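Notes follow the structure.
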Amino acid sequence: DYAINIKHGSRAKVYAEVVKGFDIDLTGDAGFDLQNGFMTLLGFDARHYVRVFRHGALAMRAAAGTTLGSEKILFYLGSTDGAIGSNFNDAIPVTGGDFAYEMAITNLRGFQTNIRNGNSFAVTNLELRLPVLRFAFPRSMSNFVRNFQLVGFGDAGTAWTGRTPFTRDNPINTITFADDPSYILTVNYFRDPVVAGVGAGARLSLFGYFIRIDRAWGIETGQVLDPRWHLSLGLDF
């Protein structure tokens, strides 16, 4: 840690978890019963930080994960970590299946949560962090001056169900109409499973909180969308 939200070097984690539910009855005849099904979670998160202009840093991240078993996690991709305010996207169909848990996957700026969903995900982030006031006032002891940062960023990622995000039966590419019980119409069309976001923002310490303000343009299926503001609390990605 060189400064708040400024790191130099690399860090990474690879993880594997197995989850098995159970019931405990402490009333009457006490009992212990294992529930049906189990879940396996596999994933990694790797980050690298390169020193830029002495005080700044170029931060890079790649992360991916998947769940296996009869019970799974439904990953919702989009938005930011520590986001303030509700921002769930109801327009994207939610994958059906035996999901025991739900988890938000960030950061994918320029979109609301649930721009993509599924039991697997992959996301990458690139962010240039420059403490501009520290360049101008190098001897200042003010936390606001030392920690105020301007950032430029790019995010990309996807979430999917099945072997790959490019399968024909990916739920984001399918709409089913069943208004008349005598027939069901299923329409397949192309929607790029990978989405991206670019933009800029600011970081500041205020009243003991580290605040992130971002303005991002989402890119979906080759189309640049209207910009979106993101207000978040917390460090790093």
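Assorted remarks:
- Close pairs from the range 1-18: first over 17 Å from Gly234 (Cα atoms) and in a loop (DSSP other than H, G, I, E, B), partner open to solvent by 90 Å² or more (accessible area, probe 1.4 Å) and at pLDDT 95 or above, Cβ under 7 Å, at least 6 apart: His8/Arg51
- Filtered by the rule that a residue be out of contact with any helix residue (DSSP H, G or I) (no Cβ under 9 Å at 6 or more places or on another chain) and in a strand (DSSP E or B), the range 127-153 gives Glu127, Leu128, Arg129, Leu130, Val151, Gly152, Phe153.
- So Val14, is it of a type in the set (Val, Ile, Thr) and at pLDDT 95 or above: yes
- The range 211-221, subset at negative phi and either without any contact (Cβ under 8 Å) to a residue 40 or more places away in the chain or more than 19 Å from the chain's Cα centre (by Cα) (or both), residue least open to solvent (accessible area, probe 1.4 Å): Ile211
- Among the candidates Phe88, Phe44, Phe99, the residue that is aromatic (Phe, Trp, Tyr), modelled with pLDDT of 90 or more and more than 17 Å from Lys13 (Cβ to Cβ) is uniquely Phe88.
- Taking strands (runs of 3 or more DSSP E) as the structural unit, those lying wholly within the range 67-126 and holding at least 2 residues that are loosely packed, with under 15 Cβ neighbours inside 10 Å correspond to 99-105.
- Within the range 199-221, tally of residues that are closer than 20 Å to Ala3 by Cβ and in a strand (DSSP E or B): 13
- Residues (open to solvent by 30 Å² or more (accessible area, probe 1.4 Å), under 14 Å from Ile6 (Cβ atoms) and either among the β-branched types (Val, Ile, Thr) or at pLDDT below 90 (or both)) located in the range 135-178: Phe135, Asn143, Arg146
- Looking across the range 185-198 at every residue that is at pLDDT below 75 and in a loop (DSSP other than H, G, I, E, B), the one that is surrounded by the most Cβ atoms within 10 Å (Cβ to Cβ) is identified as Phe190.
- Meets criteria (exposed (fewer than 15 other Cβ atoms within 10 Å of the Cβ), farther than 26 Å from Lys7 by Cα, at pLDDT 95 or above and touching a strand residue (DSSP E or B) at 6+ places or on another chain (Cβ under 8 Å)) for Val224: yes
- For the range 1-49, taking the residues that are exposed (fewer than 14 other Cβ atoms within 10 Å of the Cβ) and in contact with a Ser or Thr (Cβ under 8 Å, 6 or more places away or on another chain), the one that is farthest from Leu133 (Cα to Cα) is identified as Asn36.
The values are calculated or read from the model by the stated rules, or taken from the named source; none is laboratory data. All values derive from a computational prediction rather than experimental measurement. Glycine gets a Cβ as well: all are built from the backbone with ideal geometry, and neighbour counts include every protein chain shown. We work out accessible area using only protein heavy atoms, side chains counted, and drop any ligands, DNA or RNA first. Shrake-Rupley method; radii C 1.70, N 1.55, O 1.52, S 1.80 Å.
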